[in-house]
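Just so it is clear, none of the values below were taken in a lab; they were calculated from the coordinates. These numbers come from a predicted model, not from an experiment. Cβ: placed from backbone, ideal geometry, glycine included. Neighbour counts: every protein chain shown.
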Amino acid sequence: PPADPAREARIRELSRAHVLTSWSAQKAIDPLPLAGGEGAWFWDYQGRRFLDFSSQLVNVNLGYQHPGLTAAIQEAAGRITTVAPSFYEESRAEAAAAVAQVAPEGLEKVFFTNGGAEANENAIRLARQHTGRHKILAAYRSYHGATAGAIALTGEARRWGSEPAIPGVVHFWGPFLYRSEFYSADEEQESERALEHLRRTVLAEGPHTLAAIILETVVGSAGLIPPPPGYLQGVRDLCDEHGIMLILDEVMAGFGRTGAWFALDHWDVRPDLLTFAKGVNSGYVPLGGVVMSQEIAASFDERPYPGGLTYSGHALATASAVAAIRIMREERTMENATQVGQTALGPGLRSLADRHEVVGDVRGLGVFWAVELVADRRTREPLAADRMKALQQACVRRGLWPMVNANRVHVVPPCVISPAEAKEGVALLDEALAEVTS
Ligand code: PLP
């Protein structure tokens with residue numbers, strides 16, 4: 001890509017004057033103007049190319065400018081661009097059927113939204129309406145979005161600036177062996193103890209007051225934490241025992257990220273409500289949604305569902321989802337993500353621990369990994385923020401775009417990255433670690 005400094009300068013100037021950037025003190029940031037991309041790469045206006053180990057916000061699963069996906073959006077735009085939810089529409093119908101087909105058995109009906117936060121908002125509304133109960137249990141290590149309800153569900157510090165958020169949300173500790181709340185010695189013990197803690201939380205809150213328990217199947221931005229063996233099934237059993245709805249948030253983990261349609265496929269657990277967004281259409285047009293059980297859907301056969309959005313099932317968004325799901329099948333995207341995880345990212349990232357004392361833990365699956373960095377392996381004290389910033393800059397200088405989150409590097413490239421590209425990225429991360437820790 002040719003350099004275009006004049007254009008870059010204008011984008012910076014207009015953005016600084018008129019765009020409020022998420023989650024940031026505006027004077028503390030200097031975002032890179034992004035010019036274009038292809039596959040697992042994007043480029044800027046200085047002619048620099050970057051291998052994307054972030055997939056933007058872990059959503060560009062099919063990579064940049066997938067020709068089949070952009071063509072489907074163009075084709076849909078030529079037909080009709082927007083149709084209110086009060087009509088039936090072809091792309092919406094096809095997308096709902098396609099999502100239901102890849103979702104677990106018995107989840108058949110979809111309520112579409114514009115993204116993940118609204119998906120979780122509607123999941124809790126559906127659970128409350130269906131059960132007639134009001135409280136929701138959510139994990140401390142979680143991110144569920146930034147609207148009033150979704151931020152209330154969110155367990156970590158991003159919630160604090162929005163409090164008081166909606167009432168009726170209670171938090172509990174999920175399992176995480178590396179930083180266990182339960183002094184566990186291994187994954188089995190962590191799973192058992194976390195389940196016991198959740199059981200006691202349910203009893204203390206009053207099971208009859210609980211509409212739902214919401215969990216990220218694999219915790220994403222709050223730590224990248226796959227669940228230990230037996231945990232999800234244990235939560236499912238606890239929900240069944242007390243008539244509580246299980247909501248699995250697959251906004252980040254779904255549609256290829258873990259090498260499966262949904263992360264829950266690895267643990268064979270069936271939620272009552274499943275929320276999705278991001279990878280459903282690789283973010284090319286804003287889209288999210290909730291897939292619900294037949295029982296929950298049936299609650300709104302005779303009485304109205306008290307919720308709606310002008311763009312619920314937007315024609316361009318749903319057309320892109322239909323295309324994305326078809327492309328993932330045709331191009332065997334899941335298989336690629338699995339292979340990249342098994343042959344390149346897993347072994348490559350684990351080997352970083354042999355060479356760099358700062359690597360405290362490596363965990364993940366598919367194209368969904370975290371490298372957790374520590375100042376001291378024994379105490380597991382997180383590596384300081386200035387060293388993480390230096391690492392990020394060292395990666396960027398080498399043409400690798402990492403996702404740095406607290407003391408972790410989340411390694412979350414597009415699912416279409418090749419094993420060779422993934423190895424190239426790990427080698428650059430290796431060099432960057434050597435630079436900042438020498
Ligand atoms: N849930 C999870 C697990 C997420 O990772 C995110 C976004 O990162 C959301 C919900 C919120 O999605 P959105 O930003 O599309 O509202």
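Classify the range 151-252 from the C-alpha gyration tensor, please: rounded if a/c falls under 1.5, else prolate or oblate depending on whether a/b exceeds b/c. Oblate, since a/c reaches 1.5 and b/c is not below a/b. Within the range 75-198, the proportion of C-alpha pairs whose separation exceeds 22 Å stands at 55%. Each of the peptides 301-310, 279-288 was scored by the mean count of other Cβ atoms within 10 Å over its residues; in descending order, highest first, they stand as 279-288, 301-310.
Compute the Cα gyration tensor for the range 27-145, then decide on rounded, prolate or oblate, letting a ≥ b ≥ c be the square roots of its eigenvalues: rounded whenever a/c is under 1.5, prolate when a/b is larger than b/c in the other cases, and oblate in all that remain. Verdict is oblate for the range 27-145. The protection proxy used here, the mean number of other Cβ atoms lying within 10 Å of each residue, ranks peptides 77-84, 55-62 as follows, highest first: 55-62, 77-84. For the peptides 263-272, 349-358, 426-435, 179-188, the ranking by packing is 263-272, 426-435, 349-358, 179-188, with the highest mean count of neighbouring Cβ atoms within 10 Å listed first. Here the scattering of the range 67-330 is modelled by Debye summation over its C-alpha atoms, one equal scatterer each and no solvent; at q = 0.09, 0.16 Å⁻¹ the log10 of I(q)/I(0) is -0.39, -1.18. Please count, across the chain, the pairs of lysine residues with Cα atoms under 29 Å apart that sit 8 or more places apart or on different chains. Lysine pairs meeting both conditions in the chain amount to 8. For the range 378-388, backbone phi angles converted through the Karplus equation (6.51, -1.76, 1.60; θ = phi - 60°) give residue-by-residue couplings of 6, 7, 6, 4, x, 5, 5, 4, 5, 6, 5 Hz, Gly and Pro being listed as x.
Each residue of the range 199-211 was assigned a 3J(HN,Hα) from its phi angle through the Karplus expression (A = 6.51, B = -1.76, C = 1.60, θ = phi - 60°), giving 4, 5, 5, 4, 5, 5, 7, x, x, 6, 9, 9, 7 Hz with x at Gly and Pro. Cβ crowding within 10 Å ranks His208, His144 as His208, His144, fewest other Cβ atoms first. Amide H of Asn405 versus every other amide H placed in the peptide plane: which residues, excluding those fewer than 5 positions away on the same chain, fall under 5 Å? Here the answer is His410, since their amide H atoms fall under 5 Å of that of Asn405. Applying the Karplus relation 6.51 cos²θ - 1.76 cosθ + 1.60 with θ = phi - 60° to the range 284-293 yields 3J(HN,Hα) values of 5, 9, x, 7, x, x, 10, 9, 10, 5 Hz, where x marks Gly and Pro. Note on the range 236-381: with charges restricted to the Cβ of Lys and Arg (+1) and Asp and Glu (-1), its dipole about the Cα centre is near 540 debye.
Reported to the nearest whole Å, the Cα centre-to-centre distance from the range 24-67 to the range 87-146 is 29.
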